[in-house]
Every structure is written in structure tokens, then in C-alpha cells.
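Since every read-out is calculated from the coordinates, none of them should be taken as a lab result. Because the structure is a prediction, the values reported are computed rather than measured. Methodologically, a virtual Cβ is constructed for each residue, glycine included, from the backbone with ideal geometry; neighbour enumeration extends over all protein chains shown.
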Amino acid sequence: AVVYVKVLDVDEFSPKFEKTNLFADLREGKVYDSLVKVQAIDQDESQQYGKICSYEVITPGVPFSVDNEGTVKNTRALYYNEMHSYIIQVVAKDCGGKKSKPISINIRVKEVCKNGWKDFPSAIEYLPQSGAQKIAPNARLDWCDGCVPEKVSLKMHLATKHIGKGCDRDTYSIASQRKLCGASGESIDLLPSPGVGTGWTKNLPTDDGKESDQIFFFDGKTNAVEVPKASFNHTLHKHFTISTWMKHTFSEDTEAKKKAQKEHILCNSDGDGMDRHHYSMFVHGEKFVFLLRREAEDETDMDVFKPAEWRWHIPQINDNQWHHYAVSVDFPEVRLYIDGMLLIPDTSNEEILDDWPIHNSKKVHFTKLVVGACWQGKENEFGKYFHGYLAGLSILKDKTESERVIRCLNDCKENLEFHALSEMESGTSVSFNSEMTEFSITSHNITEVERLLHEVSYINSRRYPTPGRRNVDMRTSILCKEKETILPLSESYIMVQQSTQPTLTIQGKSNIDASVKDLKAGRRVFEDIGINVDMHIQGDFVDEILDDTNNAVQDDLNNLNYRAKAYKLQKKLEKKLKSQKTVPDDALLLDRCTIKAEPPLDFHVEHMTVPVDIMTQFNMKLESSETNSGLQIT
């Protein structure tokens, strides 16, 4: 008998790869049909078990696939800035179901050269009181055209128009700002924060109510305020300066645009009987106008035409941005300063009109000084309302403000900085604009431009800066073979963090015993008072930064490192401040002191007095006049 024996193969061996590691490169932005091909073998002899049936990518979440032939490809376009390289593992499976040990494939993403800046940060965190912080210390410029540049131009712009009144400025009261700028304290604030003796602004809409140089809104229809004569004598002579911050734009009313109305910022006019304007400052269409109608000095002066109205045609009036305007008068000369800079008059931007002097009239018994409109004495109503924002409106009488003080009042406390002038190569130039918010570099060398850019910093010198975002953009052009190439715009922003506010503590006796004799002679009310300021960084602020750092573990490594640096810096600041047992008196700036009497004083028998000699010594003054509700010292 013939016996046929059939030997059945079993799946004895697992597949094996010829190599344990493979490498592949791909250009960013491209989807490949084949990046690399893997190949495995199986020692089983049969067709069933000795054949590789499939391959599989076992690394989860990667943008790669492999087909049954072992061809590896990417499933979407990949980019160098997302990931520089990928390591994936692939296994082979024979037809019996046995799997191989994985093979590792290192796939490198090759960056395509693109003209433009790399490693320019998308965001920068700025901690208060941290000094100058470099904006792009690691940025590099890629130039792929091959030719040697003839000129490289760069301009960086820091946007601050949305912060405060055009940038981060000190927000002390007008009186305090003048002290800091070295000016005398004789200027009168016509728009003070509401308080004791300064209550005429209490019904005006404000922006936030927290700053000493409060921003007031005028709707152009209903709201205006009269400055009490007790707070300010309305008469102006030959020498004075009127200054204000203003934000204004065209009316949205189409009819109003066709025929521009006069919008009075400040107006001194007849209180009754007539409608004469003695002096005023107003917006009329695209013009900023100052009116000064002087009274005749004698009969012969009645017939003399004199300058009475100055009109300036300037673009800042309706750009909806904050600007500082100062009108300085040394009659008959009148000068206009915009944002601290003197406007050079010419026929295109200034017009001067003459008029007769104002004569005395028995119909008029008094005048009214109004902010935000003009009082019409004959009709007994307000008119010609102002529509926009005002802040820091003040008048300095009988003298004019110096240009130095006007510039100082306009100074920004935040700006760009650059301190590498001595390190510049020959043929390279740099420049700033007057506000230090635009910085330009011009050079023949890309490496030189990179090196100088690394030295550009942002600084905010305010102790308590306005928190929020400041956008930064950078425009670059390269001239090569007489052809200019504009590179893509580089954009970032600086996020200024909230500072810790100091704790102000006032201590003293809450009850004072005094005899009738003592009260008649005068009794010191605050002789044992103590004012303490705690400048230490509060624990909750540090904890907040620590929490942010812990949360950042979930983010990418770069973000974690960045926040760790911020935390270390904040801890350093904390240690430094806590090491100061006392704060020098000259390091603390108190804006004002308000003393309130509750219930109000009876002026028939009660008064409060202030130590004039001490106030003079420390350049302090009584704000407005004493009222029965108390007084205010600045």
C-alpha cells in the first residue's frame, strides 16, 4: 500500500526586519506618496506562513501610515515649526498572525527656506518693576535669494495708543504731575476728581473712577459743568497757559458733518444780558480754535484792532486718539503745543483774526466759566456742546508754562530702549521717533541687523503700570541687485501684568477730648497721626504665578521654561522688597489728602486751619477753598 504523508507547516517563526533602524527626510509642506520602504522576512517555508501579509504603525497619534507593501508616507503636510522630527515604530505581520519586533524610523522634517524672521516671539510677559526686557533676543533673519544684500531696513513699532491717554503715563493729579515735572503749584485744575471742594465734576460720566487724572466724557448734547468762581477767578490777563488732554472724532451724524458745529472745550462768557464770549477754546470741524476778546484798556484802545481768534488746521483733532494740547499766551503772541511739541505756524495751518476790544456793559453783571459747552447769558441756557473725552484741563495764570514742563507732562513712562550705539559697525544707522515707540535699523549686513535687534528692549518705568496688551510689529525690507523685497510682517505683543497695590494704613486717636478753652484757642486734630505704606509683594500674587507655572506642565516645554523664568524673577523681586525694612520717604509719592468733616462744620463757630509753613516747605497747597465738608491738600 502507498501511504501519502502530508507535512503541514506551522507558523513557527515571527517576521524579522532586515534593519532595526531607518532614517528618512521630508520637506515641510509636502505630502509624499513614499517616504521610506520597510521590508521584513519570515523563515517559515510555506506560502501561508512565510509571507508578510501586512505592516502596521504602532506609534499612536502620528501623521504617518504604512501599506501592505511596507511603503511609509505622511498623511498630511508637516511643518518644521510644529515638530522638527518624528520617531515612529512599525511592525510586520505574517499571514499566520505573528508580529515582528518593531522597527524604529526617524523622520526628520526639513525646513524650507523662507524669507523672513524666525524665533521672533509671539508673546512677551512683562512684570512690573522688572526694568528693561529684551523683545527678540534670539530672532534670526532667513534670506534665501542667494544674492548679497545691498541694504537691510527694519522698523519696529510699539502700539500704545489704546493705553490710558495714548500710552502709559503717570496718573497723578495735575498738581502732583506739575510737582514731579518741577513746575510751581499755581496751575488750577478745572476738571478735578470729585472730592471735598471739587464737587462740580461729580455728575460727569467718567471712564473708571480710579485714577487721579480722571477721564471725563461729554456727550455733545446735555452734559457740561460750571467752574465755581470761588475755585477760580475767571479773569485772564496777558500771560497764561491753558492745557488739556483731548480725544475727539467727527460726529456720526451725517447732517452734522455737512455743517460742523462749534464744540466748546472751555468757554468764559457773559452770565446774563448778553452772549459775548470773553475767551474760549473749541473744536470747529477740522480746526482747533482759541478765542480771546480783551477789554479795552482806555478810550483810545477801543478803536484798535487786535488779534482775537487763532485757528489751527491740524489732523490730530479728529483722529480719535488722545493728544495733549497746550495754548500759551504772551499777548499778542499765542503758541500751540501738541503732544509736547511746538506747532510751527505757517499759512497752511494757522489763521489769525483781529477784532475790536470788548466794551463794558451795564447789561452784564457777571461771567460764567463752563467746561464742555458755552453759557448763553441772553437765552439763559447752555449751547455749543463738546462731544468727546477730556482730562487734565488746567489753567496757569499770570505766567506761561515752560516748554520743558509741557514736554514733561506729556512724557510716556513706557517705550522701546536701545543701548548698543557704541557697538554698531560702520555703515549702520539706527533711529527713534520722538515718543520712543518706533525704532529703525539700516545696514548692509543681515548679521549686523540681527545683532542690533537682539539689543532692543521694552521698559515701563511706572511703579504701577497699566496692565494689558501692547502690540509690537516689525517690518523688514531687503534691497538686492536694485530690487527691494518686502518680508512678511512680524507680529508679537507685550502683556504687562497687574502690579501689587501697596497697603496704606492711617493710625491715630479716634476720639479727642478738649475743653472749651482748648477749642477756642485751636486744637490739633491729627497731632499723633501715622501713615504707613506696606510695599511688600503679597503672597497671593506669588501663589498666582506659582499656580500658573504648575498649570504650564500641561503645556509645551518652551512655555514651561518661560513661565519658570518669570516665577524666578518675581521671587527675586519679592526677596528684594522684603529685605527693605523701611521705605525712604522720598520714594513714596502721596497724591492728595482729603479731610472730611461729618457732620459738616458750622462756619459760624467752626473752622479748620492748615500749617502754612509746613505746606510751603513741602510744596503742598490747599485744593480749592475750605468748605464746611472739609478740605483737600495736594
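I need the calculated FRET efficiency for the pair N628 and K520, taking r as the beta carbon distance and R₀ as 25 Å, to the nearest 0.05.
Calculated transfer efficiency: 0.85.
How big is the dipole moment of region 212-349 about its Cα centre under a simple scheme where the beta carbon of each Lys and Arg is +1, that of each Asp and Glu is -1, and everything else is neutral? Debye, nearest 20, please. Let's see the in-between values first.
On the way: 15 positive and 23 negative charges, 72 e Å.
In total the dipole reaches around 340 debye.
If you count, for each residue, the other Cβ atoms within 10 Å and average over each peptide, how do 1-12, 495-506, 186-197, 217-228 line up from highest to lowest?
Highest mean packing first, the order is 186-197, 217-228, 495-506, 1-12.
Any idea what the dipole of region 174-410 comes to, in debye rounded to 20, about its Cα centre with Lys/Arg Cβ at +1 and Asp/Glu Cβ at -1?
I would put it at about 460 debye.
Just add up the charged neighbours of D354: K/R +1, D/E -1, any other residue whose Cβ is under 9 Å from the Cβ of D354.
-1
On full extension of the chain, what length is gained from K30 through N471, given 0.36 nm per residue of separation minus the C-alpha to C-alpha distance?
Result: 155.5 nm gained on full extension.
Any idea how far apart E111 and E379 come out in nm if each label point goes 7 Å out from Cα toward Cβ?
6.8 nm
Return the FRET efficiency for the residue pair H237, E333: r is the Cβ-Cβ distance, R0 is 22 Å, and the value is rounded to the nearest 0.05.
According to the calculation, E is roughly 0.95.
Would you pull out the residues with amide H under 5 Å of S193's amide H, same chain only if 5 or more places away, H placed 1.01 Å from N?
Q214
Suppose the chain between L421 and E82 were pulled fully straight at 0.36 nm per residue; how much longer would it get relative to their current alpha carbon spacing?
Result for the pair: 118.4 nm of gain on full extension.
Of H324, G340, P60, whose Cα points farthest to the positive end of the dipole of the chain (charges on the beta-carbon: +1 Lys, Arg; -1 Asp, Glu; origin at the Cα centre)?
Projecting each Cα onto the dipole axis, the largest value belongs to P60.
Would you mind telling me the antiparallel percentage of the DSSP bridges in the chain, rounded to 5?
Numbers: 135 of 147 bridges.
Restricted to the chain, the bridges split so that about 90 percent are antiparallel.
Under a point-charge model restricted to the Cβ atoms of Lys and Arg (+1) and Asp and Glu (-1), what is the dipole moment magnitude of the chain relative to its Cα centre, in debye to the nearest 20? Working shown, then result.
Working: 78 positive and 96 negative charges, 214 e Å.
I would put it at about 1020 debye.
Limiting things to C-alpha atoms, what are the Rg and the maximum Cα-Cα separation (Dmax) for region 372-515, in angstroms?
My reading of the Cα-based Rg and Dmax gives 25.6, 94 Å.
Could you give the length gained by full extension between T609 and H444, i.e. 0.36 nm per residue of separation minus their alpha carbon distance, to one decimal place?
On the way: separation 165, 0.36 × 165 = 59.40 nm, distance 6.95 nm.
Full extension from T609 to H444 adds 52.4 nm.
For region 174-410, what are Rg and Dmax over the alpha carbons, in angstrom?
17.2, 53
Chymotrypsin sites (Phe, Trp or Tyr not before Pro), restricted to region 269-326: which are DSSP loop and have at most 11 other Cβ atoms within 10 Å?
F305
By average Cβ neighbour count within 10 Å, what is the ranking of 326-338, 50-62 from highest down?
Details: 326-338: 18.1, 50-62: 14.5.
Per-residue Cβ counts within 10 Å, averaged per peptide and sorted highest first, yield 326-338, 50-62.
Work from the charge dipole of the chain (Cβ charges, +1 for Lys and Arg, -1 for Asp and Glu, about the Cα centre) and give the residue of Q214, A92, A260 farthest towards its positive end.
Farthest along the dipole direction, towards plus: A92.
With only alpha-carbon pairs counted, each pair once and no self-pairs, how large is the Kirkwood hydrodynamic radius of region 16-110 in angstroms?
Averaging 1/r across every pair of different Cα atoms and inverting gives 13.8 Å.
In terms of modelled amide H atoms, which long-range or inter-chain residues lie less than 5 Å from the amide H of K151?
Sorted by chain and number, the residues that satisfy this are L479.
Describe numerically, in nm with one decimal, the distance between label points set 7 Å from Cα along Cα→Cβ at D528 and at C593.
Each label point lies 7 Å from its Cα, and together they span 1.8 nm.
Using Cα-only point scatterers and the Debye equation, what is log10 of I(q)/I(0) for the chain at each q in 0.06, 0.07, 0.09 Å⁻¹, rounded to two decimals?
Rounded to two decimals, the profile gives -0.55, -0.68, -0.95.
Quote the FRET efficiency, to the nearest 0.05, computed for C53 versus V3 with a Förster distance R0 of 30 Å and r equal to the Cβ-Cβ distance.
0.35
Starting from the amide H of F382, placed 1.01 Å from N in the peptide plane, find each other amide H under 5 Å away whose residue is 5 or more places distant or on another chain.
It is Q376, by chain and number.
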